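Notes follow the structure.
What follows draws every value from the coordinates through simple rules; no lab data is involved. What you are looking at is a predicted structure, and each value in this text was computed from that prediction instead of being measured. Positions of Cβ are backbone-derived with ideal geometry, glycine not excepted, and every protein chain shown enters the neighbour counts.
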Amino acid sequence: MTFVQLIDCRTRKYDEMNQLMDSWAEATQGKRTATHAVVGRDRGTDGHYVEIVEFPSYEEAMRNSGLPETSRIFEQLVALCDETPTFTDLDVVRDEQLNKAAVSRFLLELCGRDEPAAYRALFAQDYLDHDVAKGSDTRGVDAFREETLGYRDAFPDFAFTLQDQIAEGDRVATRWTWHGTNTGPLRGIPATGRTVDMPGTTTFAFRDGLIAEGWWHWDTLGMMRQLGVVEMPSS
C-alpha cells in the first residue's frame, strides 16, 4: 500500500535547508526509496513549510529512514528548524492516479507471474473476480493468481497492450488488447501452436488502496475461433 509522510517544519533558513536536501538527494542516489516529493510554503504563516514524501509502502519508507545518509541529514535539518519538525504517517487509501498505476503494473508486469507477495501487495486478500469466460466467480487473491498462471502455462509469451484507461472514484476501467501463442493446454484443450490477438476490457474496484474486485469482458469466442476450436458458420 502506498505510504505518504508529511513533514511539518518552521524555519527562517529555508535556502540552507533546500541546499541540505539537494545534498541528501545526491548522497542517496540509487539508494533512496522515495518516489515523489513536494514542498509547500504556508501562504499565511512566514517560515512554515510542509514537505509531502511518497513511498511505495511503509516498509520502503522505513528502509529510507534507515539509510545512514538520512540520519546524518536529519540531524542537520533539525538544527536549521526553529522547532523540532513533526511527522504525520499516512497510508494512502484513495488516489485515482495511483490506482491507474497499480492496474497498469498488474496487467503489464505481474499478470501470470508466480509472485505471491507482489499479488498480495496489489490485491485484497478477499479479492473477488468476475470473468465472462467462467461459469463462477473466483474469490481470494491466491486463487486468482493460480488462474492467471494457467493462462501463462497455455500462452507463455502472452502480453497486454493498454489502449485506454479511465479512473473515477474507486474504479479503474482499462481497454486492452492481448497477444499470445498457444503452446500449452488450456482448460483441457490441447495446445494448438496458434497465435491469438484479442480485445477486452477490465474494471477494477479499489478498497483501502488495494484491488478488491474485478470484472473482465473479452472476446472468448474470438479466441476459440483463432485457436481453431470452433468455426463460424458460413453465410
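Overview of values
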read-out: Only Lys, Arg (+1) and Asp, Glu (-1) charged, at Cβ; segment 96-227 dipole about Cα centre in debye; value: 280 debye
read-out: FRET efficiency for ARG72 and ARG41, using Cβ-Cβ distance with R0 set to 25 Å, rounded to 0.05; value: 0.50
read-out: Cross-link partners of LYS100 among lysines (Cα-Cα below 28 Å; sequence separation of 8 or more within a chain); value: LYS31, LYS134
read-out: Computed [θ] at 222 nm, helices only, for the chain once each DSSP H run of length n ≥ 4 contributes -39500 (n - 2.57); value: -9500 deg cm²/dmol
read-out: Packing-based order for 89-95, 153-159, using average beta carbon neighbours within 10 Å, highest first; value: 153-159, 89-95
read-out: The chain - charge dipole about Cα centre, Lys and Arg +1 at Cβ, Asp and Glu -1, debye rounded to 20; value: 560 debye
read-out: Farthest toward positive dipole pole in the chain [+1 Lys/Arg, -1 Asp/Glu at C-beta], among ALA159, LEU221, PHE206; value: LEU221
